[in-house]
Amino acid sequence: MKKKVAFICVHNSCRSQMAEALAKNLAGETLEVYSAGTETKPQINQDAVATIKKLYDIDMSSQKSKLLQDIPPVDIVVKMGCNVVCPVLPGDHVEDWGLDDPTGKGEEEFIRTAKLIEEKVIDLKRRVETGEI
């Protein structure tokens, strides 16, 4: 049975959206994946969309910013690193990846963030599959 994971941050428009797209692609057979925030943006970060498309050929353009109450209860909560008070969402396992928000920075920062998320998603999948989580 798949574990439900939610990637959360304040606006659900950049890092958490990137994590949702990568986790669905890299760990979809192990994880049921969601992302959400305490606030929403009219559209997700277009630099994040472009970066994930360029690096992984994953189309995030149809993803929407969602509120915490818009997703089902989850087993695993991953806070992306909010630099303020992170949203609170209950889960059996909670961790904070502490990632800086690349919004407003150059392409190299988005690429760096995407690669970090990829590494962390692969590690999360491994920990779920081995029963660590």
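The set of residues in segment 46-68 that are over 13 Å from the mean Cα position of the chain (by Cα) and part of a loop (DSSP other than H, G, I, E, B) comprises ASP57, ILE58, ASP59, SER61, SER62.
Please go through segment 1-47 and give me each residue that is open to solvent by less than 30 Å² (accessible area, probe 1.4 Å) and free of Cβ contacts under 8 Å to residues at least 24 places away in the same chain, ordered by number. Of everything in segment 1-47, just one residue is open to solvent by less than 30 Å² (accessible area, probe 1.4 Å) and free of Cβ contacts under 8 Å to residues at least 24 places away in the same chain, namely GLY28. Within segment 48-65, the set of residues being open to solvent by 70 Å² or more (accessible area, probe 1.4 Å) and farther than 25 Å from THR38 by Cβ comprises LYS53, LYS54, ASP57, ASP59.
Residues that are of a type in the set (D, E, K, R), under 20 Å from ASP101 (Cβ atoms) and in a loop (DSSP other than H, G, I, E, B) do not occur anywhere in segment 23-35.
Exactly one residue among LEU89, LEU68 is touching a residue at least 12 places away in the same chain (Cβ under 8 Å), open to solvent by less than 50 Å² (accessible area, probe 1.4 Å), hydrophobic (A, V, I, L, M, F, W, C) and touching a Lys or Arg at 6+ places or on another chain (Cβ under 9 Å), and that residue is LEU89.
The values are calculated or read from the model by the stated rules, or taken from the named source; none is laboratory data. Note that the coordinates shown come from a computational prediction; the quantities given were computed from them, not determined experimentally. Note: ideal-geometry Cβ built from the backbone for every residue, glycine included; neighbour counts use all protein chains shown. Ligands, DNA and RNA are excluded from the accessible area calculation, which covers all protein heavy atoms including side chains. Shrake-Rupley method; radii C 1.70, N 1.55, O 1.52, S 1.80 Å.
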